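The values are calculated or read from the model by the stated rules, or taken from the named source; none is laboratory data. Just so you know, these numbers come straight off a predicted model, no measurement behind them. Note that we place each Cβ from the backbone using ideal geometry, even for glycine, and neighbour counts take in every protein chain shown. In case anyone asks, the SASA skips ligands and DNA or RNA and just uses the protein heavy atoms, side chains included. Shrake-Rupley method; radii C 1.70, N 1.55, O 1.52, S 1.80 Å.
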Amino acid sequence: MDLFQAPDYFKLDELLSEEHKLVRNATREWVKKEVSPIIEDACQKAEFPKHLIKGLAEVGAFGPYIPLNYGGAELDQISYGLIMQELERGDSGIRSTASVQSSLVMYPIWKYGSEQQKKKYLPKLATGEFIGCFGLTEPDFGSNPGGMVTNIKDEGDFFLLNGAKMWISNSPFADIAIVWAKNEEGRIKGLIVERGMEGFSTPETHGKWSLRASSTGELVFDNVKVPKENILPNKDGLGAPLGCLDSARYGIAWGAIGAAMDCYDTALRYSKERIQFGKPIASLQLQQKKLAEMITEITKAQFITWRLGVLKNEDRATTAQISMCKRNNVEMALKITREARQILGGMGITGEYPIMRHMMNLESVITYEGTHDIHLLITGLDITGQNAFK
Ligand SMILES: Cc1cc2nc3c(=O)[nH]c(=O)nc-3n(C[C@H](O)[C@H](O)[C@H](O)COP(=O)(O)OP(=O)(O)OC[C@H]3O[C@@H](n4cnc5c(N)ncnc54)[C@H](O)[C@@H]3O)c2cc1C
């Protein structure tokens, strides 16, 4: 049974609106009812639980901030963040599916797409009838996506797409892919590639020890004829995919807090119940140090992230602020998983408790959407004006 109780040490709830709390609580209840009972098994089997797609759509996890007329929930950025927090409290893989769908597929169609594209795809993505994926990373270009070699050639009636992407969340079962490719002038363009187009395949990546409940794969393009109406017309260049990543990284910053909360809450409860040397281990100073530091770090993360949400609602959040918050929160969460696991002793490594699963998941979260190093370099560049990437 999922006994989760969310820590709120500095009464952050008092800064949330009624709508924020309503959205957060609805997602929390849905995660308790639908995700917690099945997630351990899905991870052990390394399967994405596809039956959750409908429920994810119903809690507004697909396009929370997309306008109502395109099928979105038209919520603000704090509600979006709170949904991501609650989903990742359940599992980072479930949050990843929602992040990709919202910020890496719906966002670019909404921001850079034509009216026809928005009407065609957004409502179906919002209901989960369509699932999307986002193809930026290539085998030889991860942290340096600008070097990509996937390319399009103008063939008059259509674009001919060639190349390959790897590490693509949801690719094995996605209906559409937002693909970033260079045109003949070397300019990065976004395209909507549909499953079923000739020459397009999506082999699954096996053997992951992390994000096991999320399906990951490649995107392979062998002379794929992409209709011209499938190009995203309103933004190109590296800034276009990076704009999507800003939105997704913001959601990850919230999500990581969810994973940290779940580990803290589990460890706190366990420490009160576990008796060694005739008393609860919660009464031992060494264990209290761990728990006290965890709640301190969670509280700090909650507040910078809430503030980032306020800035984002006002359209004032910078890429560098988002990087700092993603980097801080994922590292914070990963450290908490390691401390919490120790509090549970041997039980900490089992699937009886969520801690080891969160820990393994966060090893992907600290690397994807910009590695821990890359986010530090973004902060470094922002504060010094000096580019240390190369
Ligand atoms: C489970 C999972 C899901 C993913 N989902 C997606 C997805 O849906 N779509 C997508 O496009 N991508 C996705 N990714 C890819 C992810 O974004 C990349 O793995 C990430 O950007 C890092 O690229 P890389 O793995 O090639 O590492 P590399 O770029 O090769 O980095 C290797 C190491 O070198 C360091 N490094 C690189 N450059 C520098 C530098 N300039 N200075 C100092 N250190 C540096 C890095 O920090 C890292 O430690 C996913 C990855 C994983 C693991």
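You will find that of Thr371, Thr318, Thr350, Thr305, the residue that is closer than 30 Å to Leu284 by Cα and among the hydroxyl-bearing types (Ser, Thr, Tyr) is Thr350 and no other.
Please determine whether any residue of segment 352-373 is away from the ligand (no atom under 16 Å from the Cβ) and touching a Cys at 6+ places or on another chain (Cβ under 8 Å). Checked against the condition, which is being away from the ligand (no atom under 16 Å from the Cβ) and touching a Cys at 6+ places or on another chain (Cβ under 8 Å), segment 352-373 yields at least one hit.
Of all residues in segment 115-142, which are among the basic types (Lys, Arg) and open to solvent by 50 Å² or more (accessible area, probe 1.4 Å)?
So in segment 115-142, the residues among the basic types (Lys, Arg) come out as 118-120, 124.
Residues satisfying the conditions are Lys119, Lys120, Lys124.
Taking every residue in segment 362-387 that is under 14 Å from Ser210 (Cβ atoms) and among the small types (Gly, Ala, Ser) and pairing it with any residue that is modelled with pLDDT of 95 or more and within 11 Å of the ligand (Cβ to nearest atom), at least 6 positions away or on another chain, the pairs with Cβ-Cβ distances below 6 Å are Ser364/Ser210; Ser364/Leu211. Comparison of Trp167, Trp110 shows that the only residue that is among the aromatic types (Phe, Trp, Tyr), in contact with a Leu (Cβ under 8 Å, 6 or more places away or on another chain) and either within 30 Å of Ile39 (Cβ to Cβ) or crowded, with 20+ Cβ neighbours inside 10 Å (or both) is Trp110. In the condition set (1) closer than 14 Å to Lys111 by Cβ; (2) touching a Leu at 6+ places or on another chain (Cβ under 6 Å); (3) not aromatic (Phe, Trp, Tyr), Leu232 is compliant with all but (2).
Which residues, counting only those in segment 137-159, are out of contact with any strand residue (DSSP E or B) (no Cβ under 9 Å at 6 or more places or on another chain) and either at positive phi or basic (Lys, Arg) (or both)?
Of the residues in segment 137-159, the ones out of contact with any strand residue (DSSP E or B) (no Cβ under 9 Å at 6 or more places or on another chain) are 140-141, 143-144, 156.
The one that is out of contact with any strand residue (DSSP E or B) (no Cβ under 9 Å at 6 or more places or on another chain) and either at positive phi or basic (Lys, Arg) (or both): Gly156.
So, Gly348, is that one surrounded by 15 or more Cβ atoms within 10 Å (Cβ to Cβ), more than 21 Å from Ala98 (Cβ to Cβ), free of Cβ contacts under 8 Å to residues at least 24 places away in the same chain and more than 11 Å from the ligand (Cβ to nearest atom) or not?
Numbers: surrounded by 15 or more Cβ atoms within 10 Å (Cβ to Cβ): yes; more than 21 Å from Ala98 (Cβ to Cβ): yes; free of Cβ contacts under 8 Å to residues at least 24 places away in the same chain: yes; more than 11 Å from the ligand (Cβ to nearest atom): yes.
Taking the combined requirement at face value, the residue satisfies it.
Residues in segment 109-140 that are farther than 20 Å from Leu56 by Cα, more than 16 Å from the ligand (Cβ to nearest atom) and in a loop (DSSP other than H, G, I, E, B): Gly113, Ser114. Of the residues in segment 198-230, how many are open to solvent by less than 30 Å² (accessible area, probe 1.4 Å) and among the hydrophobic types (A, V, I, L, M, F, W, C)? The number of residues fulfilling the criteria is 6. Of all residue pairs spaced 6 or more apart or on separate chains, those with beta-carbon atoms under 6 Å, a first member in segment 12-38 that is without any contact (Cβ under 8 Å) to a residue 24 or more places away in the chain and part of a helix (DSSP H, G or I) and a second member that is small (Gly, Ala, Ser) and open to solvent by less than 80 Å² (accessible area, probe 1.4 Å) are Glu34/Gly55. For segment 150-165, a residue qualifies if it is assigned to a loop (DSSP other than H, G, I, E, B) and either among the hydroxyl-bearing types (Ser, Thr, Tyr) or within 16 Å of the ligand (Cβ to nearest atom) (or both), and exactly one does: Thr150.
When the test is whether a residue is over 17 Å from Ser169 (Cα atoms), outside any loop (DSSP other than H, G, I, E, B) and in contact with a strand residue (DSSP E or B) (Cβ under 8 Å, 6 or more places away or on another chain), Tyr80 does not pass it.
Working only within segment 59-77, note down all residues that are out of contact with any Phe, Trp or Tyr (no Cβ under 8 Å at 6 or more places or on another chain) and either in a helix (DSSP H, G or I) or in contact (Cβ under 8 Å) with a residue 60 or more places away in the chain (or both). Result: Phe62, Leu68, Asn69.
Taking every residue in segment 132-143 that is more than 23 Å from Glu194 (Cα to Cα) and pairing it with any residue that is among the charged types (D, E, K, R) and open to solvent by 40 Å² or more (accessible area, probe 1.4 Å), at least 6 positions away or on another chain, the pairs with Cβ-Cβ distances below 8 Å are Ser143/Asp373.
Scanning segment 86-120 for residues that are more than 28 Å from Arg212 (Cα to Cα) and among the hydroxyl-bearing types (Ser, Thr, Tyr) yields Tyr112, Ser114.
In the condition set (1) touching a Gly at 6+ places or on another chain (Cβ under 9 Å); (2) away from the ligand (no atom under 16 Å from the Cβ); (3) over 17 Å from Gly132 (Cβ atoms); (4) open to solvent by 10 Å² or more (accessible area, probe 1.4 Å), Lys54 is compliant with all but (3). For segment 20-49, the tally of residues that are among the acidic types (Asp, Glu), open to solvent by 90 Å² or more (accessible area, probe 1.4 Å) and over 28 Å from Glu297 (Cβ atoms) stands at 1.
Determine, yes or no, whether Glu88 is over 16 Å from the mean Cα position of the chain (by Cα) and either of a type outside the set (Val, Ile, Thr) or open to solvent by less than 10 Å² (accessible area, probe 1.4 Å) (or both). First the steps, then the outcome.
Values: over 16 Å from the mean Cα position of the chain (by Cα): no; either of a type outside the set (Val, Ile, Thr) or open to solvent by less than 10 Å² (accessible area, probe 1.4 Å) (or both): yes.
The answer is no for Glu88.
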